[in-house]
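The values are calculated or read from the model by the stated rules, or taken from the named source; none is laboratory data. None of the values given here were measured: they were computed from a predicted structure. All Cβ positions, glycine included, derive from the backbone under ideal geometry; neighbour counts span all protein chains shown. Remember, those area values only see protein heavy atoms, side chains included, never the ligands or the DNA or RNA. Shrake-Rupley method; radii C 1.70, N 1.55, O 1.52, S 1.80 Å.
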Amino acid sequence: MNKRFSRRTFLKLSGATAAAISVSGSIGKMVAEVSAEAKGGTRELVRSYCEMCTSRCPLEVRTENGRISFIAGNPEWGATGGTVCARGGAAFSQLYDKERVQKPLIRTGERGQGKWREATWDEALSYIAEKMLAIKDKYGAESVAFAARGGPHKAYMDNLAKAYGSPNVFTHESTCPIARTVAQEATFGTSAVAIDYGNAKYLLSLGRSYFEGINVAHVRAITSAMAKGCKLVSVDPRFSVTAAKADEWFAIKPGSDLALVLAIIHVLIRDNLYDKEFVDKYTEGFEAVRASVANATPAWAAGETGIADRDIERIAREMAAAKPRAVIDWGWRTTFTPEEFELRRASLIATLLLGSFEVPGGIYLTKSAALINGLVGRNVVPGLAAPKIPAYPKPARPRVDGAQVKGHPHFMVPASDGVVQAVPEAILTEQPYPIKGWFVLRNNPVISQSNTNRVIEALKKLDLLVVCDLYLSDTAWYADVVLPESSFLERDEGFNNATGSAPAYTLRQQVIKPVYDTKPHWQIFKELGEKLGLASYFPWRDMEDMRAIQLGGRQELIKTAKEKGFINFGIKPLFLRDKNSVAQFVEKFPDALSRVNEQGTIDGPLLNLKTHSKKIELLSHETEELFGRGVPVYRPVKLKEENQLYFTQGKVAVHTNAHTHDVPWLNALMPANRVWINPDTAAKLGLKTGDSVEIENEYGKQPAAVLLSKGIRPDTVFTYFGFGRLSPGLKRAYKQGTNSNIMLPTVMGPVCGIALHTAGVAIRKV
Ligand SMILES: Nc1nc2c(c(=O)[nH]1)N[C@H]1C(S)=C(S)[C@@H](COP(=O)(O)OP(=O)(O)OC[C@H]3O[C@@H](n4cnc5c(=O)[nH]c(N)nc54)[C@H](O)[C@@H]3O)O[C@H]1N2
Ligand SMILES: Nc1nc2c(c(=O)[nH]1)N[C@H]1C(S)=C(S)[C@@H](COP(=O)(O)OP(=O)(O)OC[C@H]3O[C@@H](n4cnc5c(=O)[nH]c(N)nc54)[C@H](O)[C@@H]3O)O[C@H]1N2
Ligand code: SF4
Ligand SMILES: [Mo]
């Protein structure tokens, strides 16, 4: 534990508990304690939402004399109810951190040498504009790629990219959930679907690590469901916090989950345990699924997964008994094998066979403004409008990664996400054409993309690398220009779509003025756009203007949002196949009565999906036609050599991905990771806890400290992700612990382009 502050001080200054689960009980007392310390002066509460990770939980932030004194969850937002996690609470420590980049930086030494000079914003943006115009002249605008972590900020980046003429915009998603996104698109014609955890009776998690891979709303909903008797089964090669809290844990062989799911489907069909009425009415392709799982017996799956066939039979029966409130979670980080598309499709199909769709405790279509307005037959919920801008120029060449490009293996990948691993590849191989410039916003590919050494080699070859971050991140270390963004507590933004089972928009508000010479992303893109001669694409002044554009001038809604931190429209959670919620909806909007059927439920939108058949496609016509992959099929994958160990990773409760490791409070809570090794394996290697080892394979090697644990399979090792940082500019986190991606290959999995985070490694004592 760091000496500079105690756990108690941390809790006092934030609404967080240091552990994974957030609780609200003692918050009131803590607020009072902090406030009592303030002697007079101004005090204010501002509602906003968090960006310490991308769950974007609504917050209530207290300032005293222009300084933030307390961060808590927004008590009016039901799903999180006044709570934040440890990282959200530590936003205070990030905000005032002196290690943040305080002014724009322009590189003066060799790329990666760490030599910079401070510049004014005007100078830095002019420098970037000049280089971008030179690249456009010489190679074409498509030769500049733009990547941001997904979120509302990305729209501003995309607008600049497209106005400049590049189709090459990316999110991080191909390193995270793209397999489930594409699987959802193939099944429903949309990925706007969610899980109603709070009412579930049976949750089967295939490595979904709820209590460490935190989304506060999920944590609260699952804890409350479990208190009401929901059974949680955790399938994970390691004993995660989720496994510890689950009713049962199965240490599955890495990469074999699809065999388990296919066997569950086999039992549901073999024993007639599925919801035949649901399948007949709403779905397409059942017979193809039946045929494809004919040989996927529990005995076969036991051989693949290491889970006993009687357990697989029992899980299938228990899930059937809990239907339609039984769900196989589609997961979040879907990067266990290249065949993730098949696994996420199979998980969806199993859940759908249970009829767990559009009912409480099942999966559901999110209730967007368009869906609600369609049911009511008039506009009762405003959609979020976009500013009117001129048409974008048509790029001369298609995207480098083939997303949404006809005939390309990545055709199914949404063009707003793309396959971001294709960027370093296009830089190095110059195929299908060279990428010469890369604008990176709130994304850290040097840590988050696999095959780190290759990513760095690619960055070194660029004519222009711009990184917009809070810190001198591992990617910023190689940049020509670093643009320091104002942290989320220092910036106003427009509305964020936070729709779930009912429509809602959250609002980010500036809590205090920027501590350093920083700007918000939207201002950076507007000013850069102006320097590139693209001012007409930014026809708004500021976020006050943008909010009015988004809500069509509805000032009363904007006022409410500023006060409450969000707007909803008084609509209760709506599940279209649930009589009670439909009755409530019709009571509020009698116009929707005409959409209700004899059973008191609503079918229309469920039989008019954007799939080929308009129904839910258990057999996806689109992926059948494009790739011959209509129904999931088990294709064994080789993730390691016989004599190697599986190398796996996961999230830890007190850090975020490639982000928080230098944030003082969080760094102090956990400065480094260790490598989990099973005692039997350790005995063979002559290792004990605390020993120094080297983890190695053909891609690279890393030092590590050993942690013996029975909570990991003997053939597998595990580390928490995001450690072993490579930027000397991250003074606290630099070289602390083990980096993961140095030992992982570049992979773009079939259909969805997913990255791969499991590989074979050898461990050697040093
Ligand atoms: N081997 C391996 N690789 C993985 C994973 C794994 O488990 N194992 N996990 C994968 C997953 S699930 C994901 S989502 C990706 C995450 O990968 P990224 O999207 O690259 O990571 P983030 O942690 O979101 O942080 C990116 C950067 O955003 C900066 N940042 C934070 N807040 C702000 C802000 O307000 N403004 C600006 N401009 N910058 C900000 C941070 O300082 C950080 O440098 O990594 C993936 N890579
Ligand atoms: N505290 C915290 N919360 C976060 C984040 C964070 O960085 N920190 N990041 C956010 C983001 S971007 C994401 S994507 C989510 C991630 O949320 P999750 O996807 O739920 O979590 P992870 O820890 O990435 O990985 C889940 C688990 O997969 C297991 N695993 C590895 N290989 C296999 C396999 O082959 N089969 C099975 N069944 N399990 C396997 C690992 O042991 C790990 O426990 O968390 C989000 N919330
Ligand atoms: S889960 Fe934690 S870090 Fe992520 S947005 Fe919510 S409070 Fe912030
Ligand atoms: Mo992620």
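Can you give the percent of C-alpha pairs in segment 46-203 whose distance is more than 28 Å? Beyond 28 Å sits 47 percent of the P(r) for segment 46-203. So what's Rg/Rh here for segment 663-766, counting alpha carbon atoms and using the Kirkwood radius for Rh? Reported Rg/Rh (Cα atoms, Kirkwood Rh): 1.00.
Which FRET efficiency, nearest 0.05, do residue 457 and residue 138 yield, Cβ-Cβ r, R0 25 Å? Result of the calculation: an efficiency of 0.70. Taken about its Cα centre, segment 491-536 carries a charge dipole of about 40 debye when Lys and Arg each add +1 at the Cβ and Asp and Glu each add -1 at the Cβ. Subtracting the Cα-Cα distance of residue 247 and residue 280 from their residue separation scaled by 0.36 nm leaves 8.6 nm.
Counting only whole DSSP H helices of the chain, the ones at least 24 Å long by C-alpha along their axis and with mean Kyte-Doolittle hydropathy no lower than -1.0 are 121-139.
Over the Cα atoms of segment 245-316, the radius of gyration divided by the Kirkwood radius equals 1.02; this is the Rg/Rh ratio.
Peptide packing: for 680-693, 707-720, the average count of neighbouring Cβ atoms within 10 Å per residue gives the ranking 707-720, 680-693, highest mean first. When the surface is traced with a 1.4 Å probe over the full set of protein chains, residue 191 keeps roughly 40 Å² accessible. Let me make sure I get this right: for the chain, a, b and c are the square roots of the gyration tensor eigenvalues over alpha carbons, sorted descending. Under 1.5 in a/c it's rounded, otherwise prolate if a/b > b/c, else oblate. Which is it? Rounded shape, in that the Cα axes give a/c under 1.5. Note on segment 583-653: Cα-only Rg and Dmax are 22.4, 66 Å. Just the protein heavy atoms count here, and of the accessible area of segment 571-653 at 1.4 Å, carbon and sulfur take up 47 percent. Over the Cα atoms of segment 539-624, the radius of gyration divided by the Kirkwood radius equals 1.15; this is the Rg/Rh ratio.
Dipole of the chain computed with +1 at Lys/Arg Cβ and -1 at Asp/Glu Cβ about the Cα centre; of 445, 751, 49, farthest Cα towards the positive end is 49.
Could you give the dipole magnitude of the chain about its Cα centre, charging the beta-carbon of Lys and Arg +1 and that of Asp and Glu -1, in debye to the nearest 20? Charge dipole, the chain, about its Cα centre: 1520 debye, nearest 20. Based on the alpha-carbon gyration tensor of segment 305-348 and its eigenvalue square roots a ≥ b ≥ c, which shape applies: rounded if a/c is under 1.5, prolate if not and a/b is larger than b/c, or oblate? Oblate, because a/c is 1.5 or more while a/b does not exceed b/c.
Here the peptides 83-95, 193-205 are ranked by packing, the mean other Cβ count within 10 Å, and the order with the highest first is 83-95, 193-205. Out of 679, 697, 733, whose Cα points farthest toward the positive end of the dipole of segment 645-765 (charges: +1 Lys, Arg; -1 Asp, Glu; placed on Cβ)? Comparing the listed Cα positions along the dipole, 733 ranks first. With the helix formula -39500 (n - 2.57) applied to DSSP H stretches of n ≥ 4, the chain reaches a computed 222 nm mean residue ellipticity of -9000 deg cm²/dmol. Spatially close Lys pairs in segment 645-765, defined by Cα atoms under 27 Å apart and a spacing of eight or more places or different chains, total 19. Pairs exceeding 27 Å between alpha-carbon atoms, taken from 98/461; 138/460; 519/559: 98/461. Contact order, relative form, for segment 528-634: 10 percent (alpha carbon pairs under 8 Å, 6 or more residues apart, mean separation divided by residue count). The charge dipole of segment 645-765, taken about its Cα centre with unit charges on the Cβ of Lys, Arg, Asp and Glu (plus for the first two, minus for the last two), comes to roughly 280 debye. Quick check on segment 505-652: take the gyration tensor over C-alpha atoms, sort the square-rooted eigenvalues as a ≥ b ≥ c, and tell me if it's rounded (a/c under 1.5), prolate or oblate. Verdict is oblate for segment 505-652.
Per-residue packing, averaged as other Cβ atoms within 10 Å, sorts the ranges 214-226, 585-597 into the order 214-226, 585-597, beginning with the highest.
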